[in-house]
Amino acid sequence: MEATFLGHAAVRLSDGKTTILIDPFLTDNPQASIKAEDVEADYIVLTHGHGDHVGDTVAIAKRCNATCIATYELALWLQNQGCEVHPMGIGGAFDFPFGSVRYTIAHHSSGASELGDRYVGNPAGVIIDFGGKLIHHAGDTALTYDMKLIAERFKIDLAFLPIGSNFTMDIDDAVKATGFIQPSKVVPVHYNTWPPIAADPQEFAEKVRAQTKAEPVILEPMQTVEI
Ligand code: NI
Ligand code: MN
């Protein structure tokens, strides 16, 4: 299984058979180095309804006949756009042919700017079981003590955590989150896309090494980590 960082919070997971995109914001993403027209997907997993996460979901899903997995109200909005959807709720999990998806708590907000900032359900994180490997994408979130519950039940192989502050955790909170979640590897995301979320990933990596047992992995857009 390989995970490729597509810039900002967008991630592609692939095992050579199934491709899963998480939060595929590519068009207008200053960090994206691949075009929305050039990615393939069997499934698109969304953490919440903000434009920098929903991104190119509708166009990719329609072109690829991909199933969009999202929290309930966001899934209904995508269905209204003509997408195949699988709605879910925080705390719930569902088995798909590739493995499973489970939604976790995120403290944030969720609206579709395309629809006048209409509310589109709870923001969330996800735990994806992809062929037995567990990948956690925290979405946009504050640090929360609930993250400890993830480590109590699951052994996360690879975590994607926001570090850019302003809208989400900053570096120090993301290091604390890494200690709570206890992933084997952690990749910082949601930083340096725009000036308000400027952050130094090397500082995050150094603090993760000093304060946790996780291995920090800094990915440039289109770089891949294998697990
Ligand atoms: Ni957001
Ligand atoms: Mn965001």
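The values are calculated or read from the model by the stated rules, or taken from the named source; none is laboratory data. These figures come from a predicted structure and were not determined experimentally. Neighbour counts run over all protein chains shown; Cβ positions are idealised from the backbone, glycine included. Side chains included, ligands, DNA and RNA excluded: accessible areas come from the protein's heavy atoms. Shrake-Rupley method; radii C 1.70, N 1.55, O 1.52, S 1.80 Å.
What pairs in Lys35/Lys148; Lys148/Lys207; Lys155/Lys176; Lys133/Lys176 have C-alpha atoms more than 28 Å from each other? Beyond 28 Å: Lys35/Lys148.
The residues neighbouring Ile171, those whose beta-carbon lies less than 9 Å from its own, together hold a net charge of -4 under the Lys/Arg +1, Asp/Glu -1 convention. Each residue of region 25-31 was assigned a 3J(HN,Hα) from its phi angle through the Karplus expression (A = 6.51, B = -1.76, C = 1.60, θ = phi - 60°), giving 8, 10, 5, 6, 8, x, 8 Hz with x at Gly and Pro.
Summarising the amide proton neighbourhood of Met222: residues at separation of 5 or more, or on other chains, whose placed amide H is nearer than 5 Å comprise Phe5, Leu6, Gly7. For the chain, what % of the accessible area comes from carbon and sulfur atoms, probe 1.4 Å? Carbon and sulfur atoms account for 46 percent of the accessible area of the chain.
In the context of the full set of protein chains, residues of the chain present 42 Å² of accessible surface per residue (probe radius 1.4 Å, heavy atoms only). Remark: region 54-69, residue by residue, has Karplus-estimated 3J(HN,Hα) of 5, x, 8, 3, 4, 5, 5, 4, 5, 5, 9, 6, 7, 8, 8, 10 Hz, where x stands for each Gly or Pro and the curve is 6.51 cos²θ - 1.76 cosθ + 1.60 at θ = phi - 60°. Any idea what angle helix 201-211 forms with the longest principal axis of the chain, computed on alpha-carbon atoms, 0 to 90 degrees, nearest 10? Helix 201-211 sits roughly 50 degrees off the main axis of the chain. Per residue, the chain reaches -6000 deg cm²/dmol at 222 nm when only DSSP H runs of four or more residues are counted, each adding -39500 (n - 2.57).
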